1. Please specify each residue of region 50-59 satisfying the condition of being part of a helix (DSSP H, G or I) and either modelled with pLDDT under 95 or more than 27 Å from residue 273 (Cβ to Cβ) (or both).
2. Select from region 161-189 the residues that are part of a helix (DSSP H, G or I), touching a helix residue (DSSP H, G or I) at 6+ places or on another chain (Cβ under 6 Å) and surrounded by fewer than 21 Cβ atoms within 10 Å (Cβ to Cβ) and list them in ascending order.
3. So in region 230-257, with the set limited to residues that are free of Cβ contacts under 8 Å to residues at least 24 places away in the same chain and outside any loop (DSSP other than H, G, I, E, B), which one is surrounded by the most Cβ atoms within 10 Å (Cβ to Cβ)?
4. If you scan region 258-276, which residues turn out to be within 21 Å of the chain's Cα centre (by Cα), surrounded by fewer than 18 Cβ atoms within 10 Å (Cβ to Cβ) and not in a helix (DSSP H, G or I)?
5. Please go through region 159-179 and pick out each residue that is over 16 Å from residue 116 (Cβ atoms) and within 19 Å of the chain's Cα centre (by Cα).
6. Hey, any hits in region 34-41 for a residue that's exposed (fewer than 12 other Cβ atoms within 10 Å of the Cβ) and either touching a helix residue (DSSP H, G or I) at 6+ places or on another chain (Cβ under 9 Å) or modelled with pLDDT of 95 or more (or both)?
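The values are calculated or read from the model by the stated rules, or taken from the named source; none is laboratory data. Note that this is a predicted model, so its numbers are computed, not measured. All Cβ positions, glycine included, derive from the backbone under ideal geometry; neighbour counts span all protein chains shown.
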């Protein structure tokens, strides 16, 4: 299955960045292509194997496509990280990324940090899942890419990781005993993708001591079933439909399309771990809310400083 989907992903990318292909994607017109370019860049940063599967001319086309997205001006919000993520991919695979764009995004998000593991989406705080959809996963991986290139201090990454670990703990506690979670904020049509940060911290082996890999696996699995198993989740041809639990077009947004619904796939990031990893090998374990609401004794929760 991995080989099948690696081949499909490779061909999809090759077609999408080939100007001579009918599948060539828009990287320059409007604003949304910057978002799309950033998620493509993030996927490539996460998967060197996918990058290496591309032929040299296909890699060159990816680089040109990502560079073309520079004409789009990001909003003064989490969008700054879209430009930074594009540059991080260019830095990783060409050695040449615009450090000013990356540095500006990092500095602004440092300034927008609200405390206890949460960032504002711009100067204001929003009750939504954008700390997980975009902000913390991209911030971590942009800084990690810079650090690997000798262009960022380890202390910065460690600070961001400590905040991400706290947010991961909060995310795990948001998962109810039945796998549902509080449905607030925009972009709920990304379904279980709301837990990207928790999944990424698990993938990268950075779960805080309070969270066992097995309980995170159990919690994420419950969320996947709760958001993907309801009637109406897929249309007659097998494509995802707009909704969080079934087909709920009312929670759609102007920027939500059939393609963007597949951001739910980021909840599956731990599939990158080997079968021998404790995430998979350890027996299923109750997650925090399941422990609490079944009367089990747990340790008190506390905020972090800094």
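1. Matches in region 50-59: 56, 57, 58.
2. Scanning region 161-189 gives a single hit, 173.
3. Selected residue: 234.
4. 258, 259, 274
5. The first filter runs over region 159-179 and keeps only residues over 16 Å from residue 116 (Cβ atoms), leaving 175-179.
Hit for region 159-179 is 175, nothing else.
6. No, region 34-41 contains no residue that is exposed (fewer than 12 other Cβ atoms within 10 Å of the Cβ) and either touching a helix residue (DSSP H, G or I) at 6+ places or on another chain (Cβ under 9 Å) or modelled with pLDDT of 95 or more (or both).
This table checks each residue for (1) in contact with a strand residue (DSSP E or B) (Cβ under 9 Å, 6 or more places away or on another chain); (2) more than 23 Å from residue 76 (Cα to Cα).
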| position | (1), (2) |
| --- | --- |
| 113 | yes, no |
| 120 | yes, no |
| 123 | no, no |
| 128 | no, no |
| 136 | yes, no |
| 153 | no, yes |
| 157 | no, no |
| 160 | no, no |
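Okay, residues lined up against (1) assigned to a helix (DSSP H, G or I); (2) over 20 Å from residue 270 (Cα atoms); (3) in contact with a strand residue (DSSP E or B) (Cβ under 8 Å, 6 or more places away or on another chain); (4) in contact (Cβ under 8 Å) with a residue 12 or more places away in the chain:
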| position | (1), (2), (3), (4) |
| --- | --- |
| 4 | yes, no, no, no |
| 10 | yes, yes, no, yes |
| 21 | no, yes, no, no |
| 24 | no, yes, no, no |
| 62 | yes, yes, no, yes |
| 65 | yes, yes, no, yes |
